[in-house]
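**Student:** Got a structure for you, written out below as structure tokens; questions coming shortly.
The values are calculated or read from the model by the stated rules, or taken from the named source; none is laboratory data. A quick note: this is a predicted structure, and the numbers were derived from the prediction, not measured. Glycine also receives a Cβ, built like all others from the backbone with ideal geometry; neighbour counts cover every protein chain displayed. Areas reflect the complete protein model, heavy atoms only, side chains present, ligands, DNA and RNA absent. Shrake-Rupley method; radii C 1.70, N 1.55, O 1.52, S 1.80 Å.
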Amino acid sequence: MQERHNRWAFGLNCIMRYRHLFFDLDHTLWDFDSNSREALEDIYHSLSLAEAGIHDFDLFHKRYLGHNERLWDRYRNGQMKVDELRWKRMALSLLDFKIGDEALARKMGVEFLEILPTKKRLFPDTVEVLGYLSEKKYNLHLITNGFEKTQHHKLKTSGIDIFFREVITSEGSNSLKPHPEIFEYAILKTGGQKRESIMIGDTPDVDISGARRAGIDQVYVNHTGNKEPVEATFTVYSLKELMKIF
């Protein structure tokens, strides 16, 4: 409790120095888990995957999540190209059900990225908090590892594109969190300085450690109630708590 109190005290004393707030999008503001499940279920029905031999959508979704996470790790580490990631996560999921159909996997990859950004679920209080920060004249930006076209579509569909001045993606910056280059690119593009910037995200080893290594303060948004210790400038358990910091 004393450590948390000290962090709040630090915030009260130093908060006015922040001018640029860099948000992560997926899993921080935009409810990726709920939205991606809905998108995958839409594809499951539209492409009649039950007739192809996948009779349990919940199991298919679970297998997809596992493959997607492993392939994203490879992509972040430079071991896989983005185009390969898009369809191979589908192909591996199909193979778990003894379906070896590359054409179907590629079709699923395309349709998934078309449907996904049409979903609108945000975490509670997202719009209220972004509106509050905008009214307080903070410069709001995004740093995201998501795909350029997809991320912009998500922002527009969910109605939060109006809050952000710059959207820095892995494709646009030619780098990925947690590598420092994407944070350096973000600082350069926004015309800010590190000492007046802070990164707000949900993933300790991507958003938080990446920003820290780049010399930028961080807010760890612990939506999941993770009990593992995370070294961050601030920790919050809901977006609304940001209104106490800023």
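**Student:** Only residues that are out of contact with any His (no Cβ under 7 Å at 6 or more places or on another chain) and either open to solvent by 20 Å² or more (accessible area, probe 1.4 Å) or free of Cβ contacts under 8 Å to residues at least 24 places away in the same chain (or both): list them for region 188-202, please.
**Tutor:** L188, K189, G191, Q193, K194, R195
**Student:** Next up: Could you grab me the full set of residues in region 132-153 that are of a type in the set (F, W, Y) and either at pLDDT below 95 or buried (at least 19 other Cβ atoms within 10 Å of the Cβ) (or both)?
**Tutor:** Of everything in region 132-153, just one residue is of a type in the set (F, W, Y) and either at pLDDT below 95 or buried (at least 19 other Cβ atoms within 10 Å of the Cβ) (or both), namely F147.
**Student:** How many residues are of a type in the set (G, A, S) and not in a helix (DSSP H, G or I) when one looks only at region 62-91?
**Tutor:** The number of residues fulfilling the criteria is 1.
**Student:** Check region 48-58 and report whether any residue there is closer than 22 Å to D26 by Cα and outside any helix (DSSP H, G or I).
**Tutor:** no
**Student:** Of all the residues that make up region 158-167, how many are hydrophobic (A, V, I, L, M, F, W, C), over 25 Å from L71 (Cα atoms) and outside any helix (DSSP H, G or I)?
**Tutor:** So the count comes out to 2.
**Student:** Within region 105-157, count every residue that is outside any helix (DSSP H, G or I) and acidic (D, E).
**Tutor:** Going through region 105-157 one residue at a time, the tally reaches 1.
**Student:** Can I ask one more? Given (1) closer than 17 Å to F32 by Cβ; (2) within 15 Å of the chain's Cα centre (by Cα); (3) modelled with pLDDT of 95 or more, where does K156 come up short, assuming only one miss?
**Tutor:** (2)
**Student:** Also, I was wondering about something else. I'm told I182 meets every condition in (1) modelled with pLDDT of 95 or more; (2) within 25 Å of E241 (Cβ to Cβ); (3) crowded, with 20+ Cβ neighbours inside 10 Å except one. Can you identify the failing condition by its number?
**Tutor:** Tallying (1) modelled with pLDDT of 95 or more; (2) within 25 Å of E241 (Cβ to Cβ); (3) crowded, with 20+ Cβ neighbours inside 10 Å, I182 fails exactly one: (2).
**Student:** I need the full set of residues from region 168-180 which are assigned to a helix (DSSP H, G or I) and farther than 21 Å from H152 by Cα, in order please.
**Tutor:** Answer for region 168-180, where residues must be assigned to a helix (DSSP H, G or I) and farther than 21 Å from H152 by Cα: just P180.
**Student:** So which of D58, D24 ends up being within 25 Å of the chain's Cα centre (by Cα), crowded, with 19+ Cβ neighbours inside 10 Å, at pLDDT 95 or above and of a type outside the set (K, R)? Write out each step before concluding.
**Tutor:** Numbers: D58 fails: crowded, with 19+ Cβ neighbours inside 10 Å.
Selected residue: D24, the only one of D58, D24 that is within 25 Å of the chain's Cα centre (by Cα), crowded, with 19+ Cβ neighbours inside 10 Å, at pLDDT 95 or above and of a type outside the set (K, R).
**Student:** Which one is nearest to A105 (Cα to Cα) among residues in region 46-55 that are open to solvent by 30 Å² or more (accessible area, probe 1.4 Å) and not small (G, A, S)?
**Tutor:** L47
**Student:** Looking at Y75, is it among the hydroxyl-bearing types (S, T, Y) and under 29 Å from I187 (Cβ atoms)?
**Tutor:** yes
**Student:** So which residues in region 89-126 are open to solvent by 70 Å² or more (accessible area, probe 1.4 Å) and of a type outside the set (D, E)?
**Tutor:** Hits for region 89-126 are L95, K98, G100, A103, R106, K107, V110, K120, R121, P124.
**Student:** Would you mind telling me which numbered condition in (1) touching a Phe, Trp or Tyr at 6+ places or on another chain (Cβ under 8 Å); (2) under 13 Å from S36 (Cα atoms); (3) at pLDDT 95 or above F112 fails?
**Tutor:** That leaves (1) as the condition not met.
**Student:** A further question follows. From the residues in region 28-45 that are open to solvent by less than 10 Å² (accessible area, probe 1.4 Å) and either more than 21 Å from the chain's Cα centre (by Cα) or of a type in the set (S, T, N, Q) (or both), which one is farthest from V127 (Cα to Cα)?
**Tutor:** For region 28-45, the residue satisfying everything is I43.
**Student:** Of all residues in region 61-88 being charged (D, E, K, R) and farther than 24 Å from D31 by Cα, which is most open to solvent (accessible area, probe 1.4 Å)?
**Tutor:** Looking at the filtered set, the residue picked out is K81.
**Student:** Another question, if that's okay. Restricting attention to region 209-221, which residues are closer than 16 Å to L242 by Cα and in contact (Cβ under 8 Å) with a residue 24 or more places away in the chain?
**Tutor:** D217, V219, V221 - these are the residues of region 209-221 that are closer than 16 Å to L242 by Cα and in contact (Cβ under 8 Å) with a residue 24 or more places away in the chain.
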